[in-house]
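For reference, the structure is listed below as structure tokens.
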Amino acid sequence: MAEPSDFKAKPPAGIDPIGASNEGASLYELIREDIIEGRLAANERLVVTDLARRHGTSTNPVREALQLLRGEGFVTFAPNRGARVRPIDQEFVRDIYEIGVLIEPALTRWFVNMATGEDIAELERIQGLIEENNFADAFRHSELDTAFHTVMYQRHYNRHAAELWWKHREVLRAVSRRFDFTLARRAAILREHRELIALVKAGDADKAAELVARHVEGSGRHILEHMRARNAARAG
């Protein structure tokens, strides 16, 4: 069996996933993880010199990282107040997945009309690996699931749309790592992927686009349900 690293999710060709120096990209990952895990609290002020001191670096890579996090919505900037941690709350998740609901059907419709036999074979190959893993390794599932959708969007002529999809998907992937898949959601993912492959084979672009919209919304709502349950447990 191939190692999980063989399925490292990569952005579609022509899309730079980070766009920063090596040090800035590394800090971006570290600070984002601290925000998602709550080590940096909601609305906490992010002082460049403090972060540079904490991570043993100069201020320039910190500024790069904060600008990247601002672009993803994890950090906000206000005049005369500097950078602060944006709350990773239900509203944040809703906004992110609703963008996917708008973008992905259009990308999918184009793909169905352009898909080759090789594309379909690749979707089936990756789906076979997803089913073989059967959610046993959550990281591996995440990487394979992203690879599945990347096959569909990687050649789209609108690179801005593809980049927007990628960046928002990466945000949801990061947030969703905190939660396990329910049995119902697992079954839905496998079923919807198989239905999508069948629709691509049939060349039914409209139905494929409708299915992808439901698929993306289902993923977003799954995260929201976990967040509501967690908040209720904390309140109780």
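The values are calculated or read from the model by the stated rules, or taken from the named source; none is laboratory data. If you're wondering where the values come from, they're calculated on a predicted model, not measured in any experiment. Positions of Cβ are generated from backbone atoms using ideal geometry, with glycine treated the same way; all protein chains shown enter the neighbour counts. For the accessible areas, the whole protein counts, side chains as well, though only heavy atoms, and no ligand, DNA or RNA atoms are used. Shrake-Rupley method; radii C 1.70, N 1.55, O 1.52, S 1.80 Å.
Values for this structure:
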read-out: Nearest-ten-degree value, helix 22-36 long axis tilted from longest Cα axis of the chain; value: 90
read-out: Residue 157 versus residue 177: modelled label distance in nm, points set 7 Å from Cα along the beta carbon direction; value: 3.7
read-out: With Cα atoms, 0 to 90° folded angle of helix 183-202 axis to the chain main axis; value: 50
read-out: Angle between the chain longest axis and helix 138-153 axis [Cα atoms, degrees, rounded to 10]; value: 60
read-out: Where region 17-156 is the region considered: accessible area per residue in Å², 1.4 Å probe; value: 48
read-out: Fraction of accessible area attributable to carbon and sulfur, the chain (%, probe 1.4 Å); value: 51
read-out: Calculated [θ] (222 nm, deg cm²/dmol) that DSSP helices of n ≥ 4 give over the chain, each run adding -39,500 (n - 2.57); value: -23500 deg cm²/dmol
